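Structure first, then comments.
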Amino acid sequence: MALRELDMSLVMNPHNERTHFLLAFIAMGRKNYTEAVLHYKKALEAKPDSFAARENLGAAYLAMRRWVEAIATLTPLLTERLYSTPYILHNNLGLAHMGKRDLASAVEEFKKSVFLNPRFCLGLNNLGRVYVEQGDERQAVKSFQKTIERCSEYGYADPFFYLGRIYERAGRRAEALELFRQCAELGGEAAIGDRCSQRLQGGL
């Protein structure tokens with residue numbers, strides 16, 4: 001029903017920014033990223049100052065692993081004084097840099113994200129992940145421990161998994177198993193919960 005109404009809206013006004021945005025949003029939910037990009041671009045053409053359309057277009061490029069286009073799309077938001085969630089912007093730029101293996105830039109973006117919002121769980125966890133990619137497990141452990149301290153009350157399971165993997169590699173079996181147990185409990189039926197359950201079943 002929603003799609004029919006939106007299609008009718010486009011017939012009446014092919015340049016309706018809100019209609020294109022909603023069609024893109026639905027396409028993202030269906031993981032049809034090519035269609036989402038098409039409609040987010042049209043939404044931006046209709047309203048070039050739409051922060052939401054630009055942010056979501058960048059997210060679609062991230063989902064498609066089109067790192068360079070994600071960076072080019074998101075970077076203009078850095079100079080927008082009225083943009084209200086810069087910590088999300090820096091996190092997404094960090095993911096793009098991480099994807100293209102510019103790990104130093106990724107670290108800087110994730111640090112900015114956490115500086116702007118010290119309780120931003122995703123940014124904290126991603127900072128730990130990029131430290132792992134750099135081979136700096138000491139900093140990674142600190143970041144994951146901080147994420148657990150600040151975010152476990154929200155049911156955020158990811159840092160338990162990544163810290164468990166570090167302890168597993170270090171031969172700290174009992175600590176790793178406990179982290180995977182907590183991760184499986186918090187993650188439930190989500191993908192991260194399944195990953196941790198598999199680690200437990202494997203017994204390391």
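The values are calculated or read from the model by the stated rules, or taken from the named source; none is laboratory data. Because the structure is predicted, anything quoted here is derived from the model rather than measured. With ideal geometry, Cβ positions are generated from the backbone for all residues, glycine too; neighbour counts draw on all protein chains shown. The accessibility values were calculated without ligands, DNA or RNA, using every heavy atom of the protein model including side chains. Shrake-Rupley method; radii C 1.70, N 1.55, O 1.52, S 1.80 Å.
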For segment 157-204, dividing by residue count, accessible area per residue (probe 1.4 Å) in Å² works out to 54
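Tell me, what is the FRET efficiency for Gln201 and Lys142 to the nearest 0.05, using R0 = 22 angstrom and their Cβ-Cβ distance as r?
0.15
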Note to self: C-alpha centroids of segment 71-94 and segment 121-148 sit apart, in Å, by 22
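Net charge within 10 Å of Phe21 by Cβ-Cβ distance, Lys/Arg positive one each and Asp/Glu negative one each, not counting Phe21 itself?
Numbers: positive: Arg18, Lys42, Lys47; negative: Glu17.
Computed value for this residue: +2.
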Given Cβ charges of +1 for Lys and Arg and -1 for Asp and Glu, the option among Ala174, Gly193, Gly155 whose Cα lies farthest towards the positive end of the dipole of segment 144-204 is Ala174
With every protein chain kept in place and a 1.4 Å probe, the residues Met98, Met8, Met64 fall, from largest accessible area down, as Met8, Met64, Met98
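Rounded, prolate or oblate, given the Cα gyration tensor of segment 127-203, with a/c below 1.5 counting as rounded?
Note, shape of segment 127-203 comes out oblate.
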Straight-line reach check, Lys111, cutoff 19 Å on alpha carbons, 8 or more apart in-chain or any other chain, hits among aspartates and glutamates -> Asp102, Glu133, Asp136, Glu137, Glu149, Asp158
Whole-percent carbon and sulfur contribution to the accessible surface of segment 59-103 (1.4 Å, no ligands, DNA or RNA) stands at 55
Listed by chain and number, the aspartates and glutamates with an alpha carbon less than 15 angstrom from that of Lys42, same-chain partners under 8 positions apart left out, are Asp7, Glu17, Glu55
Of 83-90, 17-24, ordering from highest average Cβ density within 10 Å down gives 17-24, 83-90
accessible surface per residue for segment 34-104, probe 1.4 Å, DNA/RNA/ligands not counted, whole Å² -> 50
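Assigning unit charges at the beta carbon (Lys, Arg +1; Asp, Glu -1) and nothing else, what dipole magnitude in debye, to the nearest 20, does segment 78-154 show about its Cα centre?
It comes to approximately 100 debye.
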Ranking Met28, Val107, Ser84 by how far each Cα lies towards the positive end of the charge dipole of segment 1-153 (+1 on Lys and Arg Cβ, -1 on Asp and Glu Cβ), the top one is Val107
Neighbours of Tyr33 by Cβ distance under 14 Å: Lys/Arg at +1, Asp/Glu at -1, summed charge +3
Everything considered on the Cα gyration tensor (a ≥ b ≥ c; rounded for a/c under 1.5, else prolate if a/b is larger than b/c, else oblate), segment 89-180 must be described as oblate
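Nearest 20 debye, what's the magnitude of the dipole of the chain about its Cα centre given +1 on Lys and Arg Cβ and -1 on Asp and Glu Cβ?
With only Lys, Arg, Asp and Glu charged at Cβ, the dipole is about 300 debye.
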Heads up, the chain by the C-alpha gyration tensor (a ≥ b ≥ c square roots of eigenvalues; a/c under 1.5 rounded, else a/b over b/c prolate, else oblate) looks prolate
Calculated from DSSP helices alone, with each H run of at least 4 adding -39500 (n - 2.57) and the total divided by the residues of the chain, [θ]222 nm to the nearest 500 comes to -24000 deg cm²/dmol
